[in-house]
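J.: Have a look at this one.
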Amino acid sequence: MKYYAEIINENGKIAVDDTILVKDTLSTAGSHILDGYKPLFSAEAVERLEKAGFDISGKTHVGEFSLDLVGEFSYYNEFDKDEALKGAAAELVNSDKVEAALGVDMNGAPRRAAALSGVNFLKPTYGTVSRYGVISCAASGEQLGVYGKSADKVAEIMTIIAGVDEKDGTSLRTEKYTYDTNADVNSKKVCIVKELFDKADDAVKAKITAYAESLKAQGVIVEEISCDFFDTANTAWQILMCAETCNNVSRYDGVKYGHRSEKYRNIDELYVNSRSEGFNFLTKTVILYGSDVLSKTRYTDCYEKALKIRRVVADKMKALFETYDAVLTPVCTKDEYKSYDIKDAFTKVYAESVFTAVPNLIGTPALVSGGVQLLGAHFSESTLLSLAKSVERKGE
């Protein structure tokens with residue numbers, strides 16, 4: 001696999017994934033439909049990093065619109081048939097080629113990539129980091145986050161990029177956020193959801209168990225509980241994500257920018273042929289499913305019901321966090337993915353997203369560290385980072 005879609009500065013310390021705009025730099029979101037697109041401005045997060053003295057190393061490969069597992073279906077990148085699937089940004093951080101990286105979490109791909117590469121990734125609370133300059137698909141749940149090799153590095157970068165941005169209508173009004181990695185974790189309470197734990201294979205279960213023991217050694221109380229709504233939450237998010245993606249990618253028509261088919265006789269054929277050639281099979285599947293759930297006959301039963309489920313899940317998670325400070329879960333069913341046929345991607349991603357969907361659905365933070373995931377309440381990033389750092393210290 002290749003790491004970079006476009007190299008900007010070989011000495012740069014921060015990489016950004018290809019769904020994040022960098023001025024005058026090729027930005028394609030891994031899709032042929034955006035072939036040749038170079039934006040006239042940079043994302044707000046990129047500008048804040050540059051003002052803080054960080055040089056951007058380049059744009060890392062992502063799967064088309066980040067709809068796949070970890071980036072395996074980019075138009076511009078290929079994996080060897082027997083090669084384990086890895087995320088480009090996560091691997092750059094893991095190999096110390098960059099200090100940190102930015103990634104957009106829409107359906108869990110950066111968190112899965114971080115788990116497989118053994119690095120940290122924080123998907124922060126929705127609205128704390130500007131989405132201005134992100135190639136958007138599912139605006140109500142996607143959030144720009146940070147890869148780092150340690151909790152401290154994630155906190156350092158988050159402190160720079162977080163805060164209100166008037167250019168982003170979803171940006172929260174708080175000027176600055178504090179990301180503490182040294183909060184006292186003694187007597188904090190963490191739960192393991194049995195239904196999620198049971199979906200993982202033995203290797204992943206062993207990681208969860210070991211992580212729980214490390215937390216207990218720091219005085220954290222760890223308990224197993226039962227929750228029956230994670231599957232339902234996943235279904236709701238897939239419906240909303242597909243519907244929003246269907247709407248957002250409709251702007252790519254072969255006229256304004258990106259790929260334009262050479263075979264057309266009229267405007268309708270231009271649209272159809274450009275999109276048929278420009279989108280991959282997974283994106284087309286998402287578009288078709290999104291169109292279906294937004295249709296007149298399915299809107300009430302699918303899309304509207306998914307919105308109601310979002311509120312129910314938010315209430316249930318809020319109640320859960322009144323008792324527990326974090327939820328410890330797997331990120332993936334297994335600790336390695338192998339190449340597979342793109343025609344199986346929709347169902348594979350759906351199955352794996354049961355671990356990652358809730359934070360996207362309701363806007364709560366999630367931190368991947370040590371190959372496992374910690375879910376928290378809104379604005380609980382410092383708790384999650386401190387729990388992770390306590391385990392990192394124990395492993396030193």
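J.: Please determine, in degrees from 0 to 90 and to the nearest 10, the orientation of helix 202-217 with respect to the longest principal axis defined by the Cα atoms of the chain, where the helix direction is its Cα long axis.
T.: Taking the Cα atoms of the chain, the angle to 202-217 is about 40 degrees.
J.: In the structure displayed, which of 149/343; 86/189; 149/316; 153/394 lie more than 25 Å apart, Cα to Cα?
T.: Checking Cα-Cα distances, 149/343; 86/189; 149/316 exceed 25 Å.
J.: Can I ask one more? Classify region 290-396 from the C-alpha gyration tensor, please: rounded if a/c falls under 1.5, else prolate or oblate depending on whether a/b exceeds b/c.
T.: oblate
J.: Here's a follow-up. Does region 286-352 classify as rounded, prolate or oblate by the C-alpha gyration tensor (a ≥ b ≥ c root eigenvalues; a/c under 1.5 gives rounded; else a/b over b/c gives prolate, otherwise oblate)?
T.: The shape class here is oblate.
J.: Ok, one more. For 191, 137, what ranking results if the residue with the fewest other Cβ atoms within 10 Å of its Cβ goes first?
T.: 191, 137
J.: Pull up the cross-link candidates among the aspartates and glutamates for residue 338, meaning alpha carbon to alpha carbon under 12 Å and not fewer than 8 places away within one chain.
T.: Hits, sequence-local ones excluded: 72, 80, 82, 83.
J.: Among the aspartates and glutamates, select those whose C-alpha is under 20 Å from the C-alpha of residue 308, and discard any that sit fewer than 8 residues away in the same chain.
T.: Output for residue 308: 142, 228, 231, 244, 292.
J.: Related question: Rounded to the nearest 0.05, what FRET efficiency do residue 265 and residue 301 have when you use their Cβ-Cβ distance and R0 = 45 Å?
T.: 0.70
J.: While we're here: As I understand it, the dipole of the chain uses +1 on the Cβ of Lys and Arg and -1 on the Cβ of Asp and Glu, about the Cα centre. Which of 15, 29, 170 lies farthest toward its positive end?
T.: After comparing all options, I get 170.
J.: Something else: Compute the distance from the alpha-carbon center of region 92-148 to that of region 61-77, in whole Å.
T.: Cα centroid of region 92-148 versus Cα centroid of region 61-77: 14 Å apart.
J.: Roughly how many Å is it from the Cα centre of region 212-226 to that of region 1-49, as a whole number?
T.: Result: 40 Å between the Cα centres.
J.: Please turn the phi angles of region 380-390 into ³J(HN,Hα) values with the Karplus equation 6.51 cos²θ - 1.76 cosθ + 1.60 (θ = phi - 60°), one per residue in order, whole Hz, x for glycine and proline.
T.: Running phi through 6.51 cos²θ - 1.76 cosθ + 1.60 with θ = phi - 60° gives 9, 4, 5, 5, 4, 5, 5, 4, 5, 5, 4 Hz.
J.: While we're on this one: Helix 305-320 against the longest principal axis of the chain: what's the angle in degrees, Cα atoms only, rounded to the nearest 10?
T.: With rounding to tens, the tilt is 20 degrees.
J.: Could you list 91, 50 so that the one with the fewest beta carbons within 10 Å of its beta carbon is first and the one with the most is last?
T.: Least to most surrounded, the residues fall as 50, 91.
J.: Something else: Between residue 55 and residue 228, what length comes free when the chain is fully extended (0.36 nm per residue of separation minus the Cα-Cα distance, one decimal in nm)?
T.: Gain in length upon complete extension: 57.8 nm.
J.: Another one. Based on the alpha-carbon gyration tensor of region 348-396 and its eigenvalue square roots a ≥ b ≥ c, which shape applies: rounded if a/c is under 1.5, prolate if not and a/b is larger than b/c, or oblate?
T.: Since a/c reaches 1.5 but b/c is at least a/b, the shape of region 348-396 is classed as oblate.
J.: Would you mind telling me the antiparallel percentage of the DSSP bridges in the chain, rounded to 5?
T.: Counting only bridges with both partners in the chain, antiparallel ones make up about 60 percent.
J.: Residue-wise, which Karplus ³J(HN,Hα) couplings in Hz belong to region 40-54, taking 6.51 cos²θ - 1.76 cosθ + 1.60, θ = phi - 60°, and x for glycine or proline?
T.: 8, 8, 9, 4, 4, 5, 5, 4, 5, 5, 5, 5, 7, x, 8
J.: Something else now. Which order results if 232, 125, 283 are arranged by neighbouring Cβ count within 10 Å, fewest first?
T.: 232, 125, 283
J.: Just to confirm the number: angle between the C-alpha axis of helix 230-248 and the first principal axis of the chain, 0 to 90 degrees, nearest 10?
T.: For helix 230-248, the angle is close to 30 degrees.
J.: Which length gain, in nm to one decimal place, applies between residue 206 and residue 319 when the Cα-Cα distance is subtracted from 0.36 nm times their residue separation?
T.: Residue separation times 0.36 nm, minus the Cα-Cα distance, leaves 37.9 nm.
J.: Please tell me which of these pairs span more than 23 angstrom C-alpha to C-alpha: 263/284; 13/51; 256/305; 123/284; 38/176; 38/256?
T.: Exceeds cut-off: 256/305; 123/284; 38/176.
J.: Could you tell me the convex hull volume per residue, in Å³, taken over the Cα atoms of region 4-395?
T.: Here the figure is 136 Å³ per residue.
J.: Still on this model: Quick one: length gained pulling residue 95 to residue 250 fully straight, 0.36 nm per residue minus the C-alpha distance?
T.: Extra length available between residue 95 and residue 250 comes to 52.1 nm.
J.: Through the Karplus equation 6.51 cos²θ - 1.76 cosθ + 1.60, θ set to phi - 60°, convert the phi angles of region 57-70 into ³J(HN,Hα) values in whole Hz; use x for Gly and Pro.
T.: The phi angles translate into 6, x, 9, 8, 5, 10, x, 3, 6, 6, 8, 9, 6, 9 Hz.
J.: Could you compute Rg(Cα) / (2.2 N^0.38 Å) for region 86-177, with N its residue count?
T.: Rg over 2.2 N^0.38 Å, computed on Cα atoms: 1.05.
J.: Above 14 Å lies some portion of the pair distances; for region 128-172, what is it as a whole percent of all C-alpha pairs?
T.: Roughly 51 percent, once rounded to a whole number.
Readers should treat all values here as calculations from the given coordinates under stated rules, not as data from a laboratory. It should be emphasised that the depicted structure is a prediction, and the values quoted were computed from it without experimental measurement. Here Cβ is always computed from backbone atoms with ideal geometry, including for glycine, and neighbour counts include all displayed protein chains.
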